[in-house]
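Working notes, beginning with the structure itself.
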Amino acid sequence: MELGLKIEDAVKLNKELQKYAFYKNGRIRIDFKNKEALYLYNKTILKHLFDLDMEFHKNALIPTPINRYLFVKNVFENNNTNNHQIKTVLEIGTGSGIISMMIAKYYNCKVYATETVKEYINIANENIIKNNLNNNIKIIDSNNKIIEGIDEIANKKFDLIISYPPSYNSNSVPSKRSFGGAHATDVELIGGGEYGEEFSLKIIEEGINHLNKGGLIALMFPHKPVERRKAVENKIKDVGLILKTDEIKTGKRIRHIIKGYKI
């Protein structure tokens, strides 16, 4: 699959984008500071590159489809540590459902996906039904829990536990400042700890008890801060998992994939 969609092609494929297009130095551009433009562009990428028809919550973070696809692809296809086949998956914090839907669509897994925001849960369910993935994905209201204490998965074990976890430190406060097309709210400002690492550490601490032998925990992080990634890597080793790290790059942005394998 060739990743990426040129702006001139996106504008042709989605006529609604034309009102946000302009020319600079002889090349067509889109005003990505405009949330509606970002929303339409990413919907166009999902439709024409990934054959997914998706909606996002208007006030939430608009996910970047390509780096999430590369995350999923890395986990499933760059699995050199063991040859364990991934069949059952738990995603922590699914949002609109994009990662779970890519896993179910491209790798034919049974996916359990948790979320705590009611509006996101409704949209995720609508998305999976619209894309005929409702037999592959079950959306679960986590009620602000991570793994332990969620009845629907209490006795289950998985081949993969995956998350692009929230990573705000304990001093973060709600703000109207836009980030990625969203506004920070109390429920989104979870993460905890000095570097926003606590949520991720809890995924590892609780997740190891829900991993099948040969399974893995996979988390993706922005490039900074390094201290957050180091804390997560150390936790993986501390609980007895085998650590492996990778990088993916989309445009100028680097994302780090941290994986812990249960041998």
key: Using distinct alpha-carbon pairs, which all enter the 1/r mean, Kirkwood radius of the stretch 205-263 in Å   = 12.0 Å
note = For the stretch 26-176, inverting the pair-averaged 1/r of distinct alpha-carbon atoms gives a Kirkwood value in Å of 16.6 Å
ask   = Quick one: putting +1 on the C-beta of Lys and Arg, -1 on the C-beta of Asp and Glu, what dipole do you get for the stretch 47-98 around its Cα centre, in Debye to the nearest 20?
value = 80 debye
inquiry  = Please report the carbon-and-sulfur percent of the accessible area for the chain; probe 1.4 Å, protein heavy atoms only, DNA, RNA and ligands left out.
reply    = 46 percent
Heavy-atom accessible area per residue - the stretch 3-104, 1.4 Å, Å² = 48 Å²
key: Cα centre as origin, Lys/Arg/Asp/Glu Cβ charges: the stretch 1-79 dipole, Debye   = 380 debye
query = So what are the three principal axis dimensions of the stretch 2-87 from its Cα atoms, in whole Å, longest to shortest?
reply = 49, 30, 20
task = Working from Cα positions, state the angle (0 to 90°, nearest 10) between the long axis of helix 118-130 and the longest principal axis of the chain.
result = 80 degrees
note = In degrees, nearest 10, the alpha-carbon axis of helix 35-50 is tilted away from the dominant principal axis of the alpha carbons of the chain by 70 degrees
inquiry  = Just to confirm a number: summing +1 for Lys and Arg and -1 for Asp and Glu over residues other than LEU46 whose beta-carbon lies under 13 angstrom from that of LEU46, what do you get?
reply    = +2
remark   = With -39,500 (n - 2.57) per DSSP H segment of 4 or more residues and division by the full residue count of the chain, the 222 nm estimate, nearest 500 deg cm²/dmol, is -9500 deg cm²/dmol
query = Taking only Cα atoms, what is the 0 to 90° angle, nearest 10, from helix 198-207's long axis to the longest principal axis of the chain?
reply = 50 degrees
message = Quick check for me: using +1 on Lys/Arg Cβ and -1 on Asp/Glu Cβ, what's the dipole size of the chain about its Cα centre, in debye to the nearest 20?
response = 880 debye
task = Compare the Cα positions of GLY215, GLY193, PRO225 along the charge dipole of the chain (+1 at Cβ of Lys, Arg; -1 at Cβ of Asp, Glu; about the Cα centre) and return the one farthest towards the positive end.
result = PRO225
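The values are calculated or read from the model by the stated rules, or taken from the named source; none is laboratory data. None of the values given here were measured: they were computed from a predicted structure. Every residue, glycine among them, receives a Cβ derived from its backbone with ideal geometry; neighbour counts consider all protein chains shown. Keep in mind that these areas ignore ligands, DNA and RNA; they rest on the heavy atoms of the full protein, side chains included. Shrake-Rupley method; radii C 1.70, N 1.55, O 1.52, S 1.80 Å.
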